[in-house]
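Below: one structure, written as structure tokens.
The values are calculated or read from the model by the stated rules, or taken from the named source; none is laboratory data. Quick caveat: nothing in here was measured; it's all calculated off a predicted structure. Note that each Cβ is placed from the backbone with ideal geometry, even for glycine, and that neighbours are counted across all protein chains shown. Surface areas here come from the heavy atoms of the whole protein model, side chains and all, with no ligands, DNA or RNA. Shrake-Rupley method; radii C 1.70, N 1.55, O 1.52, S 1.80 Å.
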Amino acid sequence: MALFGAHPWLLDVFHRASGVGPESLAWFDNCIRVLEPLPCAVTAKFEAIAMMTGVVSLFARREAAAGAGALSFAGVDLAAYPHLVAAFSQPPAPAPRADLVERTLRSLLTGLLLAQPG
């Protein structure tokens with residue numbers, strides 16, 4: 001998240017099809033080094049790297065867009081969306097102890113890297 005915050009242009013570059021350069025290779029090499037002690041298939045490790053990177057970029061994109069203003073349903077007839085109206089009518093849940101990025105990444109990586117193949 002800090003990397004995307006420091007270099008907002010990465011969000012646009014990140015999803016472009018491009019060749020793999022030395023920085024990309026260094027990134028994957030470092031990720032594999034960190035995951036080396038885990039007793040799972042290398043395929044699961046690459047899946048985890050891809051999913052973690054994608055999820056973090058989505059959170060960074062959301063954070064960047066938050067400065068653009070709050071979500072508004074002004075001018076939209078919500079009568080056709082009763083479940084959405086009911087959901088927004090519910091009182092908010094207490095704030096979780098861990099932030100959403102951390103909770104999401106922990107759950108994702110635990111599921112991909114620690115789940116027994118089935």
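Scanning the stretch 20-28 turns up at least one residue that is modelled with pLDDT under 85, over 19 Å from the mean Cα position of the chain (by Cα), open to solvent by 60 Å² or more (accessible area, probe 1.4 Å) and of a type in the set (Val, Ile, Thr).
Condition check ((1) modelled with pLDDT of 85 or more; (2) open to solvent by 90 Å² or more (accessible area, probe 1.4 Å)) across all residues:
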position: Arg62; (1), (2): no, yes
position: Ala65; (1), (2): no, no
position: Leu71; (1), (2): no, yes
position: Ala74; (1), (2): no, no
position: Val85; (1), (2): yes, no
position: Pro96; (1), (2): no, no
position: Leu109; (1), (2): yes, no
position: Pro117; (1), (2): no, yes
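Can you work out which of the residues in the stretch 40-49 that are open to solvent by 60 Å² or more (accessible area, probe 1.4 Å) and without any contact (Cβ under 8 Å) to a residue 24 or more places away in the chain is nearest to Trp27 (Cα to Cα)? Looking at the filtered set, the residue picked out is Phe46.
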